[in-house]
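The values are calculated or read from the model by the stated rules, or taken from the named source; none is laboratory data. Fair warning: this is a prediction, and the values are worked out from it, not measured in the lab. Note: ideal-geometry Cβ built from the backbone for every residue, glycine included; neighbour counts use all protein chains shown. Side chains included, ligands, DNA and RNA excluded: accessible areas come from the protein's heavy atoms. Shrake-Rupley method; radii C 1.70, N 1.55, O 1.52, S 1.80 Å.
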Amino acid sequence: MEPSVIIAAVLSIVNTSRLIVHLFQNQMQRNRARRQRKLREYMNSERGIELSQSTGPRTVEIMVAMGHVDPVERRFWARETSTDWWDRIVLQVWDESQWLRNFRMRKGTFLELCELLSPALKRQDTRMRAALTIQKRVAIALWKLATPDSYRSVANQFGVGKSTVGVAVMQVAHAIVDLLLSKVVTLGDMQVIIDGFSAMGFPNCGGAIDGTHIPILGPEHQGSQYINRKGYFSMVLQALVDHKGRFTNINVGWPGKVHDARVFKNSGLFRRLQQGVYFPDCKITVGDVEMPTVILGDPAYPLMPWLMKPYTGALDTEKELFNYRLSKCRMVVECAFGRLKGRWRSLLTRSDLSQKNIPIVIAACCVLHNLCESKGGTFMAGWEVEANRLAADYAQPDTRATRRSQRDALRIREALKASFQSERG
């Protein structure tokens with residue numbers, strides 16, 4: 001082959017390579033410009049700025065007119081999913097029994113809840129996303145709390161993304177705690193509560209206290225502290241309830257390994273009861289002993305002048321009568337826990353939320369419990385059966401009795417025992 005031909009071929013290859021490189025660089029510049037343009041538009045949309053309101057044509061519109069860029073139709077990021085089930089079936093067709101079975105509350109209570117939470121849940125549409133309505137976000141959260149369903153299952157049910165379910169649950173839970181906890185989980189009319197417990201057999205009683213364990217996944221750090229006496233990871237919910245089983249004080253977040261008495265001693269409720277400022281000053285005389293307003297607990301709690309607990313060990317008829325009266329009234333807190341978990345079944349299975357978020361969700365469920373109870377919400381018989389089935393995998397740990405007591409507390413308990421016996425006689 002002639003040298004001139006070889007040289008010509010090499011030059012042709014070099015020129016072709018230069019052309020390819022040039023075209024590639026031009027394409028990279030166009031792509032970079034397109035990304036920067038989209039980023040500017042996104043930032044403007046997030047700030048709520050409508051560019052179409054500015055004077056004169058936009059730069060992008062001028063470039064399109066000149067043929068420098070191709071017009072691109074803006075689309076939502078989220079993939080299109082069907083919402084007909086929620087919009088056309090649940091909201092328009094479902095009757096009260098269907099609302100109760102699936103959302104654990106009547107439709108009227110649901111709409112009232114949405115109205116109460118609206119100040120914290122209002123969202124605006126952006127040019128990139130259409131915001132979910134308040135009603136739909138609350139419905140997603142309630143469905144997830146009321147069932148042991150997975151996030152994906154709930155997402156498919158409502159036609160949203162899996163991550164949207166997790167976001168909705170925490171948004172609604174935070175809104176409930178921020179807006180409603182201090183208003184709903186609180187002491188009501190004390191005289192009504194005292195009269196209620198008195199009618200059940202125990203005088204001058206302001207509430208019943210107990211703790212329950214909520215199953216969780218093993219935390220990454222200090223996991224052994226969360227293993228309770230039954231061998232599974234849990235978080236403790238301590239609650240004081242009134243005569244109707246409504247929560248008046250809650251404390252949540254302690255690891256499952258911690259004894260109920262220690263949780264109680266480190267709570268704000270203990271400090272206020274010890275200082276005599278939690279209940280109004282309402283003392284009665286039993287025999288020759290002055291008795292303040294008391295709360296009722298099981299043997300795990302210390303006997304205090306303002307906390308009565310059962311006798312343990314060998315029991316005579318007088319002690320058995322005292323224990324019967326106390327147990328009858330204290331059962332309201334165990335029933336309250338049963339109804340709480342029967343409504344919000346997610347508390348019966350291991351929560352996969354973070355340690356920081358689990359107490360928020362548990363507290364939100366307590367608020368929802370009170371809301372349903374105060375509205376006279378029906379607790380359906382089948383819920384307890386389903387709750388018992390789910391709870392079988394996570395039995396509640398036995399609590400060790402606390403022996404500590406005060407002399408004044410012993411005198412009050414003895415006076416009550418004698419009073420109950422004399423009434424019986």
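Taking the criterion of being under 16 Å from Cys205 (Cβ atoms) and among the charged types (D, E, K, R), the residues of the stretch 270-304 that qualify are Asp281, Lys283, Glu290, Asp298. For the stretch 164-190, the set of residues classified as more than 17 Å from the chain's Cα centre (by Cα) and open to solvent by 40 Å² or more (accessible area, probe 1.4 Å) consists of Thr186, Leu187, Gly188, Asp189, listed by residue number. Within the stretch 372-413, can you find the residues that are free of Cβ contacts under 8 Å to residues at least 12 places away in the same chain and more than 30 Å from Gly342 (Cβ to Cβ)? Scanning the stretch 372-413 gives Arg403, Arg407. For the stretch 295-310, the count of residues that are under 29 Å from the mean Cα position of the chain (by Cα), over 17 Å from Ile412 (Cα atoms) and not charged (D, E, K, R) is nonzero.
Of all residues in the stretch 294-306, those satisfying the criterion of being open to solvent by 10 Å² or more (accessible area, probe 1.4 Å) and touching a helix residue (DSSP H, G or I) at 6+ places or on another chain (Cβ under 9 Å) are Asp298, Pro305, Trp306. The number of residues in the stretch 380-425 that are among the aliphatic types (A, V, I, L, M) and within 16 Å of Ile284 (Cβ to Cβ) comes to 5. Taking the stretch 110-149, which residues are at pLDDT 95 or above and out of contact with any helix residue (DSSP H, G or I) (no Cβ under 8 Å at 6 or more places or on another chain)? Within the stretch 110-149, Glu112, Glu115 meet the criteria. Of all residues in the stretch 215-233, exactly one satisfies the criterion of being modelled with pLDDT under 90 and of a type in the set (D, E, K, R), namely Glu220. Restricting attention to the stretch 71-109 and to residues that are open to solvent by less than 60 Å² (accessible area, probe 1.4 Å) and in a loop (DSSP other than H, G, I, E, B), the residue that is modelled with the lowest pLDDT turns out to be Ala78.
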